[in-house]
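Right, one structure below, let's go through it.
The values are calculated or read from the model by the stated rules, or taken from the named source; none is laboratory data. Treat the numbers as computed from the prediction; the structure is a model and nothing was measured. Cβ placement follows ideal geometry from the backbone for every residue including glycine, while neighbour counts extend to all protein chains displayed.
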Amino acid sequence: MSSSYEARVGALAGGPKIDLRSDTVTHPTPAMREAMYRAEVGDDVYGEDPTVNRLEELAAETVGKEAALFVPSGAMGNTIAILTHCRRGDEVIAGDRSHVYLYEVGGAARLNGSAIRSVPTLADGTLDRARLARAFQGEDIHEARTGLLCVEDTHNMCGGRVLPPETLRELAAPARAHGLPVHMDGARVFNAAVALGLPVSALAAEVDSVMFCLSKGLSAPVGSMLAGSRAYVEEARRGRKLLGGGMRQAGILAAAGILSLTEMVDRLAEDHANAKTLADGLANIPGITIAPETVETNILFFGVRGADGQPGDVTPLVTAAASAGVLFSGGDDGRIRAVTHYGITAADIDRALAAVAEAMKAPVKR
Ligand SMILES: Cc1ncc(COP(=O)(O)O)c(C=O)c1O
């Protein structure tokens, strides 16, 4: 990095970091910390933690399912969902850019002998319909049986794209035709609901089970929920124990989760507005490639134009921005990801844009 670059961004580098790597970096709100301090607790594995019980009831009611289970993480929630829906060895159909396929340590295969049959994910976060229709199998004795279809809403790797209820219904149709259940990785389904102006229950109604995270945009320090029918959630409780996710006085954590659901949902609109401003601003910086019209929620991807007009190496830009105090994630697939969240203000977005503009002026190799 050149010293002239350092000189230009020096003023930015001194301030607090603007962390746009993920919405998982959110800290609990002051009200959450207070509620955690005061939380009434009991042994949740005995079903005796009143605060966890209250969170589970509230979550079930909010997503319009009979019951919900508090789990330590989104990945554990998705894995329990698979263990609960599928017999051992059943296949799971999921998109080839889905979190459950790419980033959950192969849990379905390792823990349930369930291979994931991936189908192409389209740019809008949906699945290739023809390939999806052909992915269901099991009638022939040579084939593993399909046990489950997983969809993701919003879609992380597609840039926070929203799948509305009618799209979910269409994707679920072939599973329904085969009499199979559908699970939603709804890590950010509240972002989808806010973007659509719908209650989250309108999205959850299209699937049999939904996992959503309290610990991302909803700002709780720890925890996700898995919701479905009462019988399903009772069986999932066994799966949680199997995976070592039975926590004891977890009301300390659930207290924050309750505030996630009662106080942190509507404000997601602010994160979406900030993401849009960031996308529009990035589109005006020479050398940046982005499609701002595809930004619907709090996640966006962008890249740099290489000398030959092809996608350029983004690593120098990520490094330069970081040294100016602006953190993005990325690089490995040639894209940079930015995620807006609680704690990121409109002023931070201006600072982030200034840092990128400076970095693009600097003689960084692209
Ligand atoms: C779409 C999606 N699903 C699931 C998860 C897993 O959540 P956790 O990090 O709580 O395990 C993530 C995490 O980023 C995610 O983006």
**Request:** Count, please, the residues in the stretch 108-118 that happen to be within 16 Å of the ligand (Cβ to nearest atom) and either of a type in the set (S, T, N, Q) or touching a residue at least 60 places away in the same chain (Cβ under 8 Å) (or both).
**Result:** 2
**Tally of residues being closer than 16 Å to Val71 by Cβ and of a type in the set (S, T, N, Q) across the stretch 250-293** = 1
**Message:** Take the conditions of a type outside the set (Val, Ile, Thr), more than 26 Å from Leu180 (Cα to Cα) and either surrounded by fewer than 20 Cβ atoms within 10 Å (Cβ to Cβ) or touching an Asp or Glu at 6+ places or on another chain (Cβ under 6 Å) (or both) and apply them to Pro120. Does it pass?
**Reply:** no
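Condition check ((1) out of contact with any His (no Cβ under 9 Å at 6 or more places or on another chain); (2) of a type outside the set (A, V, I, L, M); (3) touching a residue at least 12 places away in the same chain (Cβ under 8 Å)) across all residues:
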{"position": "Gly95", "(1), (2), (3)": "no, yes, yes"}
{"position": "Gly106", "(1), (2), (3)": "yes, yes, no"}
{"position": "Leu127", "(1), (2), (3)": "yes, no, yes"}
{"position": "Glu143", "(1), (2), (3)": "yes, yes, no"}
{"position": "Gly147", "(1), (2), (3)": "no, yes, yes"}
{"position": "Gly159", "(1), (2), (3)": "yes, yes, yes"}
**Prompt:** In the stretch 65-90, which residues are of a type in the set (Gly, Ala, Ser), more than 15 Å from the ligand (Cβ to nearest atom) and under 18 Å from Glu234 (Cβ atoms)?
**Reply:** Ala67, Ala68
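Let's see how each residue does on (1) surrounded by fewer than 19 Cβ atoms within 10 Å (Cβ to Cβ); (2) more than 13 Å from the ligand (Cβ to nearest atom):
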{"site": "Arg176", "(1), (2)": "yes, yes"}
{"site": "Ala193", "(1), (2)": "no, yes"}
{"site": "Ser201", "(1), (2)": "yes, yes"}
{"site": "Leu214", "(1), (2)": "no, no"}
{"site": "Gly223", "(1), (2)": "no, no"}
{"site": "Gly228", "(1), (2)": "no, yes"}
{"site": "Ala255", "(1), (2)": "no, yes"}
**Item:** Tabulated pairs, the stretch 246-274, first farther than 27 Å from Glu235 by Cβ, second of a type in the set (Val, Ile, Thr) and part of a helix (DSSP H, G or I), C-beta under 6 angstrom, 6+ apart or interchain
**Value:** Leu268/Val194; Ala269/Val194; Asn274/Ile349
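Tell me which residues, restricted to the stretch 306-337, are part of a strand (DSSP E or B) and either at pLDDT below 95 or out of contact with any Ser or Thr (no Cβ under 8 Å at 6 or more places or on another chain) (or both).
Across the stretch 306-337, the qualifying residues are Pro311, Val326, Leu327, Ser329, Gly330.
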**Asked** under 21 Å from Leu198 (Cβ atoms), surrounded by fewer than 22 Cβ atoms within 10 Å (Cβ to Cβ) and of a type outside the set (Lys, Arg): does that describe Thr262?
**Response** yes
**Request:** Answer with yes or no whether Val25 is surrounded by 14 or more Cβ atoms within 10 Å (Cβ to Cβ), within 16 Å of the ligand (Cβ to nearest atom), over 16 Å from Asp350 (Cα atoms) and modelled with pLDDT of 95 or more.
**Result:** yes
**Prompt:** Given the stretch 114-219, what helices (runs of 4 or more DSSP H) lie entirely inside it while holding 2 or more residues that are within 14 Å of the chain's Cα centre (by Cα)?
**Reply:** 189-196
**Message:** Tell me whether the stretch 221-231 contains one or more residues that are in a helix (DSSP H, G or I) and assigned by TED's automatic domain parsing to the domain that holds Gly159.
**Reply:** yes
**Prompt:** Is it fair to say Leu300 is at pLDDT 95 or above and assigned to a helix (DSSP H, G or I)?
**Reply:** no
